[in-house]
Amino acid sequence: MAGVFEVEVDGIEHDHGLGHHDERNQVDLTHLSPEEKWRLEHARMHAKHKGHEAMHAEMVLILIVTLVIAQLVLVQWKQRHPKSYNLVTLFQMWVVPLYFTTKLHWWRFLVTWFIFSVVTAYVTYRATRKPLECTTPRLVYKWFLLLYKISYATGIVGYSVVMFTLFGINLIFRIKPEDAMDFGVSLLFYGLYYGVLGRDFAEMCADVMASTVGYYSASGMPTKHLSDSICAVCGQPILVDVSEEGIIENTYRLSCNHVFHEFCIRGWCIVGKKQTCPYCKEKVDLKRMFSNPWEKPHVMYGQLLDWLRYLVAWQPVIIGLVQGINYILGLE
């Protein structure tokens, strides 16, 4: 069905399909390009909100005040009750994108979200069981270490595509700038989103398993004796000597002389963000353990993940609160 509308631009009124004005001023939407339709919709929005400057200023003031108050509340909540804050933030990080992507029919994200949720739910279930099975720590850290590497690589590729598009390299391959930018931004979002979500789940599992394994208590004193041939993370025997080259994984010795499987201690430090020995809680020498700079926990990367966590988990809630206040006050 053909649609017509007029807008008032430069003092000339154009019908929006609601009145019965001269047909010479009417535009048939079916013959317009998407860009032209967007321009007409933009002009229609300006005509609709013309003369509402005072109302708009009030809405902007409400937005700014709500953002400031919400930020203060979140900071105080995080400082006073970090455990409940982290749990609520993790839950919102998990479900908020599900609502929007389901509403927008973004099936690719929904498929990846479903796979991630199923595997992570199983791994988290294994990590929270008591007594803890001896194979669970390795399973947990292997999964989150794999997820960490995949998300990190995906984010790097997405960032590279965005930069190549900004420099026009996509034109060499005859790729439209909007297509290349959409692809790069999507990969960047996938990498950052699953990176921060995986790290949060890994930290939660690491805290539960650290207390369940039982090598140290809340007071910091070990409650079990650790043999020199046993890994304190997974509780399994050490089969490869520190000086030997392993076929699948090597053995690491920390500065406190405690030895661990490579996957276990890397998962403990990189994924679980634990920079202490799992047995005696001594500070880990990360420079000696991780020669690859990409594997070191970065402060800037952590701040970026915190910003993304706030953007995904709390920003939609704050915007919804602002819209509710505007609705109550009759602002449009």
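The values are calculated or read from the model by the stated rules, or taken from the named source; none is laboratory data. The structure presented is a predicted model; accordingly, all values stated were derived computationally and were not measured. For neighbour counting, all protein chains shown are included, and Cβ atoms are generated from backbone atoms with ideal geometry for every residue, glycine included. Remember, those area values only see protein heavy atoms, side chains included, never the ligands or the DNA or RNA. Shrake-Rupley method; radii C 1.70, N 1.55, O 1.52, S 1.80 Å.
A compact table of results
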| item | result |
| --- | --- |
| Pairs from Lys78/Lys103; Lys103/Lys176; Lys78/Lys149; Lys83/Lys130 whose Cα-Cα separation, in the structure shown, is over 25 Å | Lys78/Lys103; Lys103/Lys176; Lys78/Lys149 |
| Other-chain or far-sequence residues with amide H under 5 Å of Ile230's (modelled H) | Ile238 |
| Where segment 83-200 is the region considered: accessible area per residue in Å², 1.4 Å probe | 60 Å² |
| 5 angstrom amide H check on Glu282, placed H, neighbours 5+ away | Cys277 |
| By average C-beta atoms within 10 angstrom, highest first, the peptides 252-265, 229-242, 67-80 | 252-265, 229-242, 67-80 |
| Segment 62-109 versus segment 178-204: alpha-carbon centroid distance in Å | 16 Å |
| Contour excess over end-to-end distance, with Cα ends at Ile64 and Asn257 and 0.36 nm allotted per residue | 64.1 nm |
